[in-house]
Amino acid sequence: EDKVVQSPLSLVVHEGDTVTLNCSYEVTNFRSLLWYKQEKKAPTFLFMLTSSGIEKKSGRLSSILDKKELSSILNITATQTGDSAIYLCAVEWGSNYKLTFGKGTLLTVNP
Amino acid sequence: NAGVTQTPKFQVLKTGQSMTLQCAQDMNHEYMSWYRQDPGMGLRLIHYSVGAGITDQGEVPNGYNVSRSTTEDFPLRLLSAAPSQTSVYFCASRRQAAGTYEQYFGPGTRLTVT
């Protein structure tokens with residue numbers, strides 16, 4: 001069964017909308033959760049979250065981990081067409097710090 | 001400082017052929033990984049290495065071999081290519097296993113097996 005589940009799998013919004021992407025996980029020995037943005041090439045790093053529960057922010061993007069619910073959300077406010085991408089959630093876990101990815105959320109922002 | 005480099009960028013193989021995807025990093029990172037990405041599947045871990053001489057299997061290791069003789073290089077070998085191995089392959093590296101450090105990705109290799 002999938003260890004990292006993202007929802008929704010795809011989302012279409014209009015410029016200016018606010019979106020919330022979800023990621024839930026079920027792993028042993030959780031280390032951290034990472035968010036990546038992928039446009040037509042390699043993923044680029046957005047945030048890394050740990051069990052401290054501290055919210056991370058960068059411009060219009062923010063993310064927080066809920067360690068009780070074993071989940072994280074990525075918020076994007078005032079979306080722009082340049083936010084269109086696949087957003088990947090990954091969880092670092094285990095004694096060898098493996099990184100397991102979810103299937104991603106395809107976000108399309110229409111003008 | 002080139003970061004993580006991968007060669008080739010594109011490759012077409014016939015079923016049964018073998019080949020090696022090259023990956024190199026110049027950041028002295030201990031931890032290196034290979035992923036494959038298929039449409040709608042996210043990235044799936046094939047093999048990883050926590051340092052020179054140490055490798056281990058990920059989620060989808062069948063049909064692939066790796067070795068790590070140096071810190072810089074982590075080649076991925078396809079032993080006998082199959083159409084199911086048609087995918088985009090990403091190599092990644094980060095400083096070390098212990099601790100939460102950002103992972104850097106190479107540009108990817110698009111492989112087609114006919």
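Of B:Tyr89, B:Tyr35, B:Tyr64, which is the most mobile in a GNM of chain B whose springs link Cα atoms less than 10 angstrom apart? Largest GNM mean-square fluctuation: B:Tyr64. Using the Karplus relation 6.51 cos²θ - 1.76 cosθ + 1.60 with θ = phi - 60°, the per-residue 3J(HN,Hα) values for segment B:26-32 come to 10, 9, 6, 6, 7, 9, 10 Hz, with x marking Gly and Pro. Counting lysine pairs in the protein assembly as shown whose alpha carbons fall under 13 angstrom apart, excluding pairs fewer than 8 residues apart on the same chain, gives 4.
Express the relative contact order of chain B as a whole percentage, based on alpha carbon pairs under 8 Å and six or more residues apart in sequence.
It rounds to 35 percent for chain B.
A:Cys89 sits among other residues whose Cβ lies under 12 Å from its own Cβ, and their net charge, with Lys and Arg +1 and Asp and Glu -1, is +1.
The distance linking segment B:17-81 with segment A:91-111 is 18 Å (Cα centroid to Cα centroid, whole angstrom). The H on the amide N of A:Lys103, modeled in the peptide plane, is under 5 Å from the matching H of A:Gln6, each at least 5 residues off or on a different chain. Alpha-carbon geometry of the protein assembly as shown: the Rg and the Dmax are 17.5, 51 Å, given in that order. In segment A:1-56 the Cα-Cα distances spread across 10 Å bins starting at 0 as 17, 45, 33, 5 percent of all pairs. Taking a ≥ b ≥ c as the square roots of the Cα gyration tensor eigenvalues, with a/c under 1.5 meaning rounded and otherwise prolate when a/b beats b/c, else oblate, which class fits segment A:33-95? Oblate is the answer for segment A:33-95, as a/c is 1.5 or above yet b/c matches or exceeds a/b. Over chain B, the ratio between the Cα radius of gyration and 2.2 N^0.38 Å evaluates to 1.00. Over all Cα atoms in chain A, the spread is summed up by Rg and Dmax: 13.5, 45 Å.
Each reported figure results from applying straightforward, stated rules to the coordinates on display, with no laboratory input. This structure is a prediction, so every number in the text was calculated from the model and none was measured. Heads up, the Cβs are rebuilt from the backbone with ideal geometry, glycines too, and the neighbour counts pull from every protein chain shown.
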